[in-house]
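The values are calculated or read from the model by the stated rules, or taken from the named source; none is laboratory data. All figures in this text were calculated on a predicted structure; none of them were measured in a lab. Because the Cβ atoms are built from the backbone with ideal geometry, glycine has one as well, and the counts that use them run over all protein chains shown. These accessible areas exclude ligands, DNA and RNA; they are computed on the full protein's heavy atoms, side chains included. Shrake-Rupley method; radii C 1.70, N 1.55, O 1.52, S 1.80 Å.
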Number of protein chains: 2
Amino acid sequence: MTIVLKPIRPKKISEEIVEQIKGLISNGDLKPGDRVPSERELASMLGVSRPSVREAIMVLSAMGFLEARQGGGTFVRALTETSIMDPLAKLVEKKDPELLRSLVEVRMGLESWSAFLAAQRADDDDLAELRRIYAVMEKQAARGGWDSTVDAEFHYAITAASHNSLQMHVLDSIHSIFHATIQVALMEFYQEEGHIQKLLTHHREIMEAIAAHEPELARQKMMEHLALVEDKMAQLLNDKDK
Amino acid sequence: MTIVLKPIRPKKISEEIVEQIKGLISNGDLKPGDRVPSERELASMLGVSRPSVREAIMVLSAMGFLEARQGGGTFVRALTETSIMDPLAKLVEKKDPELLRSLVEVRMGLESWSAFLAAQRADDDDLAELRRIYAVMEKQAARGGWDSTVDAEFHYAITAASHNSLQMHVLDSIHSIFHATIQVALMEFYQEEGHIQKLLTHHREIMEAIAAHEPELARQKMMEHLALVEDKMAQLLNDKDK
DNA sequence: ACTCGTAATTTGGTATGACCAATTTTCTAA
DNA sequence: TTAGAAAATTGGTCATACCAAATTACGAGT
């Protein structure tokens, strides 16, 4: 039997202060716009040194709860002002080309694996859902349009068909970052003449491979599809560099 | 026309440090588990005072990028540990067989993808590292032993050879959960007579495929290897059910 | 009495140095 | 070779001083 005991973490003073102030904010003693006591005051109130208070304020600022203005004071910020982004998203937000490439690549690996699994396990319900979404896609494509929302739905349905909750969760996280960063930029490429038909063909082939329960084929088709996406993104990045 | 000019914010030097370190993490110079230079070192490197460095580290810790241990040092955390894995790790804690199966499966997808990428990009340094670890593995196997730590090292080196920092972080998170749950339980199977030689062969084949820069072969060999692991785990779960 | 500019005060930002506590490493003795 | 102790390393906390920006208070000029 494996004994798993959680590591004891000595609580740092600054963390304790963070908790307290966060408590004051959450229960309404400190409202947005309020000015929190100065660092020196807080330090003497809490009976700790100023650096400790300062570290706590730093953390709270990084979390978006407080905002410090030199000479002015420290104020409580409205929580809606700052969208609390996931650590991953925060890392990618600066649009480093190398990172975006990594992101698309990771997605490629996960999605092709989803397609593989889906081709092994998709039941009638899964296939019906895929066909429904594809029909919508086809109709829009006939009018020369391409809705990235429907596109995302399609890919999500595939992962759902993998019947693996963890895979769904992980891929969903990657997906959300993908949408928040490059999806929009890729839209113009999607709209280009000829691309829509190619995309439609890709999705149909993927769907058919899954329906035929051919894992390797499904994986390969998904790879081809996402390779195109990666290629487009590479072009986009190169244009920017110029 | 609404003129939106962003208020000029005097950049604090701690924020500058945060940016720099975040950059090092995102482009892979700092990998999960790596040890960051000590506060005093960083301070002298950057030409700033220690409190400034300290505040930066505080912020990064609060964001989940770093983890500081008193007396030990400051280490890079896998990015997905908090955003994706926290809820997941709790789910897997209860050892739901279905979830464990999912975990191994996700790992299989990610690892085979890593092997694929590694076979495309591994340079001489990567290959040298792989060969070094394999040599250790071989020596231990000759004495009838199998060290799961070295095993993990091998797989980690493969992901490192993929030269994709995001892939490294995602897989590292999955790995940590894997170790916390079933790795230990699988040990007894590893130790069985005949298995060690088979495992050794698997790793050698994977390594050779990567060295030969044959992505598809590397992927396939990795799949075969992890399929064995999955098989063993299935046996283990069935035994428990009885 | 009001306005405006300037000086004094307040407040956050940075730096230095010191000491403590936990950890890791190194060394030593059995 | 190994186990335990000493030393070095590293994060955690504190005290203090000074700088820079913002606020406030004050006083001269209208």
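What is the dipole size for segment A:13-76, taken about its Cα centre, with +1 at each Lys and Arg Cβ and -1 at each Asp and Glu Cβ, in debye to the nearest 20? Write out the running numbers ahead of the final one.
Details: 7 positive and 9 negative charges, 45 e Å.
Here the size comes out at about 220 debye.
Computed over protein heavy atoms with a 1.4 angstrom probe, the accessible surface ordering of B:219, A:35, B:143, largest first, is B:143, A:35, B:219.
Can you work out the FRET efficiency for the pair residue A:187 and residue A:135, with r the C-beta to C-beta distance and R0 = 30 Å, to the nearest 0.05?
On the way: r = 22 Å, r/R0 = 0.73.
Given R0 = 30 Å and the Cβ-Cβ separation, E is 0.85.
Look at where the Cα atoms of segment A:123-167 and of segment B:10-42 average out, and the two centres are 41 Å apart. The A-B contact accounts for approximately 3800 Å² of buried accessible area, totalled over both chains at a 1.4 Å probe radius. Take the residue pairs B:31/B:221; A:198/B:22; B:22/B:232 and return only those whose Cα atoms are more than 32 Å apart. Beyond 32 Å: A:198/B:22; B:22/B:232. In segment A:146-187, the residues whose accessible area drops by at least 30 square angstrom when the other protein chains are added to the isolated chain are A:164, A:166, A:169, A:170; the probe is 1.4 Å and only protein heavy atoms count. Converting phi to 3J(HN,Hα) with the Karplus coefficients 6.51, -1.76 and 1.60 and the offset θ = phi - 60°, segment B:224-229 yields 4, 4, 6, 5, 5, 4 Hz in sequence order, with x at every glycine or proline.
Placing a label point 7 Å from Cα along the Cα-to-Cβ direction at residue A:235 gives distances to the equivalent points in the other copies of 5.2 nm, listed shortest first. Taking θ as phi - 60° and the Karplus parameters 6.51, -1.76 and 1.60, the scalar couplings of segment B:70-77 work out to 4, x, x, x, 10, 10, 7, 9 Hz in sequence order, x denoting glycine and proline. Largest first, the residues B:52, A:26 sort by 1.4 Å accessible area into A:26, B:52.
With label points defined 7 Å past Cα in the direction of Cβ, position residue A:188 shows copy-to-copy spacings of 6.2 nm, given to one decimal and shortest first. Across segment B:105-117, coupling constants 3J(HN,Hα) worked out from phi with the 6.51/-1.76/1.60 Karplus curve, θ = phi - 60°, read 5, 4, 4, 4, x, 5, 5, 5, 5, 4, 4, 4, 5 Hz, and Gly and Pro carry x.
Residues of segment A:101-138 that bury at least 50 Å² of accessible area once all protein chains are present, compared with their chain alone (1.4 Å probe, heavy atoms only, ligands and nucleic acids left out), are A:105, A:106, A:113. Scoring B:115-122, A:225-232 by mean Cβ neighbours within 10 Å over their residues and listing the highest first yields B:115-122, A:225-232. Treating the Cα atoms of segment A:13-76 as identical point scatterers in vacuum, please give the log10 of the normalised Debye intensity I(q)/I(0) at q = 0.13 Å⁻¹, two decimals. With no solvent term, the Cα-only Debye profile gives -0.28.
The residue list A:176, A:166, A:150 was ranked by how far each Cα lies along the charge dipole of segment A:127-176 toward its positive end, using unit charges on Cβ atoms, and A:150 comes out on top. Between copies, residue A:124 shows label-point distances of 6.2 nm, shortest first, with the point placed 7 angstrom from Cα along Cα to C-beta.
The residues of segment B:44-75 listed by number as losing at least 20 Å² of accessible area in the complex, against the isolated chain and with a 1.4 Å probe, are B:54, B:55, B:58, B:59, B:62, B:63, B:65.
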